[in-house]
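The values are calculated or read from the model by the stated rules, or taken from the named source; none is laboratory data. Since the structure is predicted, the reported quantities are computational estimates derived from the model, not experimental observations. Please note: Cβ atoms are built from the backbone with ideal geometry, for glycine as well, and neighbour counts cover all protein chains shown. Remember, those area values only see protein heavy atoms, side chains included, never the ligands or the DNA or RNA. Shrake-Rupley method; radii C 1.70, N 1.55, O 1.52, S 1.80 Å.
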Amino acid sequence: MVITVKDATFSGDILNEIEIAVQNERTTVKDLIAARVTSEVKSYNEKLPEYFKGLIQPSEAEKTLNGFRLKRREKKIDVEKQIWTALDAFQKNGYFILIDDKQAEDLDQEVLVGATTEISFVKLTQLVGG
């Protein structure tokens, strides 16, 4: 199943939308985060565009108005490191996730997702990963 997740500001403005694939309609917050990060990194690594627009800033990148710019564009991003950083940041309140306007509490929380489920990632701090 494919669902859409959004990056939102604290005031509710939508900054970005991305489609992710989930295995089952019953999933966990951890699996949602991993699917989102995997999708972003896979897309970047296949195309190697000038900017990476994702949840986690790669460690060898600088933040710009257009996204994160890697110092060496031909370098691929490490998906496992990005996932680990994203999971760690969630646990340290670096961002929070709203699922149908209810805040996700922990990584193991089970959620039911479908075509109409609204999922928003709200960043609170700049996140640096792989």
- Of the heavy-atom accessible surface of the chain (probe 1.4 angstrom), what whole percent is carbon and sulfur? 46 percent
- Looking only at aspartates and glutamates whose Cα falls under 18 Å of Lys76's and that sit 8 or more positions away or on another chain, we get Glu40, Glu46, Glu50, Glu60, Glu62
- Could you list which residues have their amide H under 5 Å from that of Thr28, counting only those 5 or more apart in sequence or on another chain, with H placed in the peptide plane? Val111
- Query: In the range 37-71, which trypsin sites (Lys or Arg not before Pro) are in a loop and have at most 15 other Cβ atoms within 10 Å, using DSSP for the loop call?
  - Reply: Lys53, Lys71
- Task: Once you have a ≥ b ≥ c as the square roots of the Cα gyration tensor eigenvalues for the range 66-130, tell me rounded if a/c is under 1.5, and otherwise prolate or oblate according to whether a/b is larger than b/c.
- Result: prolate
- Once you have the Cα-Cα distance between Lys53 and Asp13, take 0.36 nm times their residue separation minus that, and quote the gain in nm to one decimal. 12.7 nm
- Item | Among 5-13, 74-82, the order from most to least packed when residues are scored by Cβ within 10 Å on average | 74-82, 5-13
- Relative contact order of the chain, defined on C-alpha pairs under 8 angstrom at six or more residues apart (%): 33 percent
- The answer for Asn16, listing residues at least 5 apart or on another chain whose modeled amide H is closer than 5 Å to its amide H, is Asp7
- Task: Amide H neighbours of Gln57 under 5 Å, at least 5 residues apart or on other chains, H built in the peptide plane: list them.
- Result: Leu127, Val128, Gly129
- Note on the structure: To the nearest Å², the heavy-atom accessible area per residue of the chain with 1.4 Å probe amounts to 59 Å²
- Query: Which pairs break 26 Å Cα to Cα here: Lys47/Lys71; Lys63/Lys102; Lys81/Lys102; Lys30/Lys53; Lys6/Lys63; Lys6/Lys42?
  - Reply: Lys63/Lys102; Lys81/Lys102
